[in-house]
1. Which parts of the range 179-199 would a label at residue 230 reach, counting a residue when its backbone N lies under 18 Å from a point 7 Å out along Cα-to-Cβ?
2. How big is the convex hull of the Cα atoms of the range 78-140, per residue, in Å³?
3. DSSP beta bridges in the chain, what fraction antiparallel, as a percent rounded to 5?
4. Treat the count of other C-beta atoms within 10 Å as a stand-in for reagent exposure and order 138, 278 from fewest to most.
5. Let me know the Kirkwood hydrodynamic radius for the range 13-73, please, with Cα pairs as the basis and the value in Å to one decimal.
6. Where Rh denotes the Kirkwood radius from the mean inverse Cα pair distance, what is Rg over Rh for the range 9-125?
7. Direction-averaged shadow area of the convex hull around the Cα atoms of the range 65-173, nm²?
8. Consider just the alpha-carbon atoms of the chain and return their Rg together with their Dmax, both in angstrom.
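Nothing in this text is a laboratory measurement; each read-out follows from the coordinates by a stated rule. Fair warning: this is a prediction, and the values are worked out from it, not measured in the lab. As a convention, Cβ positions derive from the backbone with ideal geometry for all residues, glycine included, and neighbour counts pool all protein chains shown.
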């Protein structure tokens, strides 16, 4: 169902930029902190206010995140931003607090096999450790968010029952998680699965804000986002230029591009507060930094009403 036109023109949709974390973790080139800071600055200039900035994980497992504290130090005094970080355990939570994170994100997979690959522990162990993380967040007044990877399917197990997603969501709610992100880790989401999971979650955890995080592995990431809009979701996560992919899954391509999502939303009457042209400039900078072509479309084509001088086009001959 297409969202109602009258409602579209009054609704604000919030976009969380995850390219610095989920995007860069899969990149072979280790970007220096100076380049990450420059890219974040470009995104802020475009109007992005909400960032999943980095993750406080083992630098051996994810070398790209070794400079997490340095990245936070460059922006933590900005009162107009919401800066969150992924934390896998108590140690990561303590580092996030020390760095000045506004929110910490606990995360686990809906499938056992992906959780073992992604964080090298069982789901049961992950859930137990989050109780301590929640206490640390509460003591220090840091918001607690939660993410569920492989929420729409697992590359090792196939279908993921909605009951598994609900079980984790209910545990998150019990420890104080206020925002829940459903992660389409390897692009297995479909519109019907999006509808099923959103409706089930609204019944199971009605007070929790739901965010959607889609990858475009099979080309339907934006379609799934549009489906989420029709179901009343107003928060989405995306990655500048379409950076990303899960480093622990073969052939896992990137996230939906932030600028492509913003284009869809703004052209459909929603308000994101983000300047599309400046956002595209940030995507081009990201492409230059990583050293290869990124999959984002708007960064190449420009906005819908971009025009060219007539003499720039070839004239048909014959």
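1. 189-199
2. Output value, Cα hull per residue: 84 Å³.
3. Values: 2 of 36 bridges.
In the chain, approximately 5 percent of DSSP beta bridges are antiparallel ones.
4. Values: 138 12, 278 17.
If I rank by nearby Cβ atoms, fewest first, I get 138, 278.
5. Details: mean 1/r = 0.0841 Å⁻¹.
One over the average 1/r among Cα pairs gives 11.9 Å for the range 13-73.
6. When Rh is taken as the Kirkwood radius, the ratio is 0.99.
7. Details: hull surface 28.7 nm².
It is 7.2 nm².
8. Radius of gyration, then largest Cα-Cα span, for the chain: 19.2, 76 Å.
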